[in-house]
1. Return the FRET efficiency for the residue pair ILE92, LEU40: r is the Cβ-Cβ distance, R0 is 25 Å, and the value is rounded to the nearest 0.05.
2. Using a Förster distance of 35 angstrom, determine the FRET efficiency expected from the C-beta separation of ASP18 and ALA76, and round it to 0.05.
Amino acid sequence: MANAAGGDLSVQSDPASDAYRSIVSDLTSLIGHVQASLRLIEAAIARETLLAEQDAAANVIVLDDVTPRYMEASTALKACDAGLLVALRSLIESEPPPHRLN
């Protein structure tokens, strides 16, 4: 649409394009959160492993092993991360919705 004063094209917000960008942005954010959680779990597993090794060296037996719960959470988050990446790639590889002229 031409601007009468300057001859410029005025930019109007396209709801379909805005929704597309919002979805891509949300997926990107979710992927970041999931990957941050995976790093936290990996660090916790590493800490637990180190503590278990130190306890074993000191002849201390620890009966509460939380590592299997961390591993279960890690497996679920990895599956979630993979699914989110597939969803993001499919959105990016497809063309955004066409702009409709009224």
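1. Here the calculated transfer efficiency is 0.40.
2. 0.65
All of the numbers you see were taken from the coordinates with simple rules; none came from a lab. This structure is a prediction, so every number in the text was calculated from the model and none was measured. Every residue, glycine among them, receives a Cβ derived from its backbone with ideal geometry; neighbour counts consider all protein chains shown.
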